[in-house]
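A short write-up of the structure that comes next.
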Amino acid sequence: MESNLVQAVVAVLAVLLISMQCGRALWYVMWRPYAVAWWFRQQGIQGPPYKILFGSLPEIRRLLISGRANALDAGCHNYASLVQPFFQKWASDYGKTFLYWLGPIPAICSTNMMTIVKQVLGDRTHLFQKDYLNPKFEIILGEGLIFVNGDDWKRHRRVVHPVFNQEKLVSMSAMASECAQQMMERWFAKIKNGNDHQAETDMLGDFDELTLTVIARVIYGENNQDARDIFQLLQEVRDLTISSFLDPPIPWFRYLPTRRNRRSRQLDNFVTSKIRRLIHERLARKDTQGGYGDDVLGVTVKAWSEAGTLSVQEIIGECKTFLAAGQDTSANLLTWAMFLLSSYPEWQEKVREEVLRECPDSIEVHSVEAMGKLKLLNMTLLETLRLYNPVPFLLRKTAKDTILADIRVPKGTTITIPIAMLHRDEDIWGADANAFNPMRFESVASRAHPNALLSFSYGPRACIGQNFAMIEAQTVLLMILKKFSFSLSPNYIHKPTNNLTLAPKYGLPVILRTLPI
C-alpha cells in the first residue's frame, strides 16, 4: 500500500512537472511573442508578424531565395539586396527602427542607430551579452573570447591579450611576409608558364591558404598539419551550420537526431580530441623544453596548468575561436581590397607609388613603424572594411530590462546592429556613401560620427586582433603592389554572399602581370 502511494505521488509530481514545462514552452513560443509585440507597438515600433515557433525566419528565407539569381555590376557596392534583403524591406515597410523575430526571440533592428550603437557597444556594454545567431554556431566559433560574457570575458582577455603585444605584431608581420613570398613565387611560375606575360588566379583561394598558414602559426606556433585538419573539419561544420541558418534559434533543436546534427557532433568530437592531444603535447613540452610556447595554445595551456585561470574546455574554445574568426575575416579583407584596387586602377597606382616611396627596402616590410607611413594603403583598407565588412551585422542580447534611445527593451531581446547598412548611411558618410572613396578617412573630424566604422566592433569589447589583422593585410598588399599589377578577370561575377563572413560567391579571379624591374 505504501509503495503504491509513493508511486502515485511520484506520478502526480511528474505530471505536474511536465505540465509546468509544457506551460512554460507554450508561453515562450505562443503567448509571450504577442505580448512583446504589443509592448513595442505601444512605443511606435512595428515589424513583420510573428509566426509561431519560426518567427520571421520563413520570410527571411523567402527573400534570400528570391534574390539568389541576382548579381551586381562590379561597380555597385551596395549589396544589401543580396545579403540583407529582409532588413532593407522591413526598414522600408516599418521605418528605420523595427521589430522582427529570430524564432520566438524578439529582435530590434535600426538602420539609423548611432545612439544605440554607442550605448550597446560603448558606455553601457555591461548590460548586454554577446550571442550566437544560432546555438549551432558554438561548434564552429567556440566559447572563446569573442562570445564569453561578463567576468568570464575579463578572465579570458587577461590570458590572451599578451599574444597581441607590439613585439608579437612584428613577428606576425614577418610570418605574413614569408607566406606572401611563397604565394608570389607560385604566381611568378604561373606567369612564366602562361601566355602574354600574365596569368589568372583566384585571389580568394590564395588568400584562404595564406591566412590559414599565418593564423595556424599564431595559434600553434608553427605551420601545424593539425591546424589544417582542424580547419577542414570546422569548414565542414560551417557548411552544415549555414544550411541550418534558418532553423529556430532554440537550444534543443541542435539535439534532435537529424543527419545534419549527428554529423556536426561527430565533427565537433574530432576537433575536440585533436585539440586535447595538442594540449597534452604542450604539457609534455614543458618538461622537455622548459616552456609551453608563446602562441595562443601555449599561453592558454600555461593559464590552465599553472594558475587554473582557464579550463581545458575553455582552451579548446579559444583555439576554435581564433582559427575560425582569424582566418576567414583576414582572407576576406584581403580579397575585397584586391577587388577594389583591381576595379580602380588609379587608386592601385597611387597606393603603389606610396609603397615604393615609403618602403623601398624589403626589410621594412617587417617594420610596424614603416606601416605607419602608408597612409593611402591604410585608408584603402579602411574603405574596404566600410564597403565590404567581413561581418555584415552584430548581435547583442539584453541581460536585463533596459532603455535604449528612449526605447524600453525587455530582457532577452536581441539587438541587431546592421553594419552593412550603417556603413552606407548618407547622414554619416555623405552623399557618396555607396562609392569607393578612401579619402573619406583622411581625417576623423570629417565624419559626423568618428566611431561609425564598426568593422572591429567598438568600445571595451572591440576585436582584440584588429591590429594583427590590419598589419597582416598591409604586409601582404605591400609586397604584392611592389611586384605585380592586377585587374579583374572578365570571368568575375560580382555577387557578395554571407557565409558567416562576407565573401565573393564565385571567388575573385584576377589577371596578374609582373612589374618591370
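In the stretch 304-322, how many residues are free of Cβ contacts under 8 Å to residues at least 40 places away in the same chain, of a type in the set (Ser, Thr, Tyr) and either crowded, with 17+ Cβ neighbours inside 10 Å or touching a Leu at 6+ places or on another chain (Cβ under 7 Å) (or both)? Please lay out each step first, then the result.
Start the filter on the stretch 304-322 by keeping residues that are free of Cβ contacts under 8 Å to residues at least 40 places away in the same chain, which leaves 304-308, 311-312.
Now narrow it down to the ones that are of a type in the set (Ser, Thr, Tyr): 305, 311.
Next, only the ones that are either crowded, with 17+ Cβ neighbours inside 10 Å or touching a Leu at 6+ places or on another chain (Cβ under 7 Å) (or both) stay: 305.
Within the stretch 304-322, residues that are free of Cβ contacts under 8 Å to residues at least 40 places away in the same chain, of a type in the set (Ser, Thr, Tyr) and either crowded, with 17+ Cβ neighbours inside 10 Å or touching a Leu at 6+ places or on another chain (Cβ under 7 Å) (or both) number 1.
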Qualifying positions in the stretch 330-349 - within 20 Å of the chain's Cα centre (by Cα) and crowded, with 24+ Cβ neighbours inside 10 Å: Ser330, Ala331, Asn332, Leu333, Leu334, Thr335, Trp336, Ala337, Phe339
Residue in the stretch 194-210 that is aliphatic (A, V, I, L, M), exposed (fewer than 14 other Cβ atoms within 10 Å of the Cβ), within 30 Å of Lys483 (Cα to Cα) and modelled with pLDDT of 85 or more present: no
Residue within the stretch 172-186 that is modelled with pLDDT of 90 or more, touching a helix residue (DSSP H, G or I) at 6+ places or on another chain (Cβ under 9 Å) and of a type in the set (Ser, Thr, Tyr) present: yes
Residue that is farthest from Leu334 (Cα to Cα), among those in the stretch 474-517 that are in contact with a helix residue (DSSP H, G or I) (Cβ under 6 Å, 6 or more places away or on another chain) and among the small types (Gly, Ala, Ser): Ser487
Any chance Leu212 is assigned to a helix (DSSP H, G or I), within 24 Å of the chain's Cα centre (by Cα) and over 18 Å from Thr329 (Cβ atoms): no
Residues of the stretch 412-454 satisfying the condition of being farther than 22 Å from Gln84 by Cβ and modelled with pLDDT under 90: Gly412, Glu442, Ser443, Val444, Ala445, Ser446, Arg447, Ala448, Pro450
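Where in the stretch 50-126 are there helices (runs of 4 or more DSSP H), lying fully within it, with 3 or more residues that are within 17 Å of Pro392 (Cβ to Cβ)?
On the way: elements: 57-66, 80-83, 85-94, 114-117.
Result: 57-66, 80-83, 85-94.
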Selected residue (criterion: modelled with the highest pLDDT) from residues of the stretch 283-303 that are of a type in the set (S, T, N, Q) and surrounded by fewer than 21 Cβ atoms within 10 Å (Cβ to Cβ): Thr288
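What about Leu512, is it in a helix (DSSP H, G or I) and either at pLDDT 95 or above or β-branched (Val, Ile, Thr) (or both)? First the steps, then the outcome.
Numbers: in a helix (DSSP H, G or I): no; either at pLDDT 95 or above or β-branched (Val, Ile, Thr) (or both): yes.
No; evaluated as a whole, the condition is false for this residue.
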Of the criteria (1) outside any helix (DSSP H, G or I); (2) closer than 23 Å to Arg352 by Cβ, which one Ile471 fails: (1)
Qualifying residue in the stretch 407-418 (condition: free of Cβ contacts under 8 Å to residues at least 60 places away in the same chain and closer than 24 Å to His494 by Cα): no
Top-ranked residue in the stretch 36-66 [being in contact with a Leu (Cβ under 9 Å, 6 or more places away or on another chain) and loosely packed, with under 14 Cβ neighbours inside 10 Å; ranked as nearest to Leu99 (Cα to Cα)]: Arg41
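Is it the case that the stretch 485-499 has a residue that's at pLDDT below 90 and crowded, with 20+ Cβ neighbours inside 10 Å?
Within the stretch 485-499, one or more residues are at pLDDT below 90 and crowded, with 20+ Cβ neighbours inside 10 Å.
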Among residues of the stretch 461-510, those that are among the charged types (D, E, K, R) and within 25 Å of the chain's Cα centre (by Cα), counted: 4
Some residue of the stretch 233-256 being within 18 Å of Arg217 (Cα to Cα), assigned to a helix (DSSP H, G or I) and modelled with pLDDT of 85 or more: no
Failed condition for Asp328, given (1) touching a Lys or Arg at 6+ places or on another chain (Cβ under 8 Å); (2) more than 23 Å from Lys154 (Cβ to Cβ): (1)
Residues being assigned to a strand (DSSP E or B) and either in contact with a His (Cβ under 6 Å, 6 or more places away or on another chain) or more than 18 Å from Tyr344 (Cβ to Cβ) (or both) - total across the stretch 478-497: 1
Identity of the residue in the stretch 29-71, under 21 Å from Pro410 (Cβ atoms) and charged (D, E, K, R), that ends up modelled with the highest pLDDT: Arg41
Helices (runs of 4 or more DSSP H) completely within the stretch 306-382 that count 1 or more residues being at pLDDT 90 or above and out of contact with any helix residue (DSSP H, G or I) (no Cβ under 6 Å at 6 or more places or on another chain): 312-343, 345-358
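The values are calculated or read from the model by the stated rules, or taken from the named source; none is laboratory data. The model shown is predicted, which means the values in this text are computed figures rather than measured ones. Neighbour counts run over all protein chains shown; Cβ positions are idealised from the backbone, glycine included.
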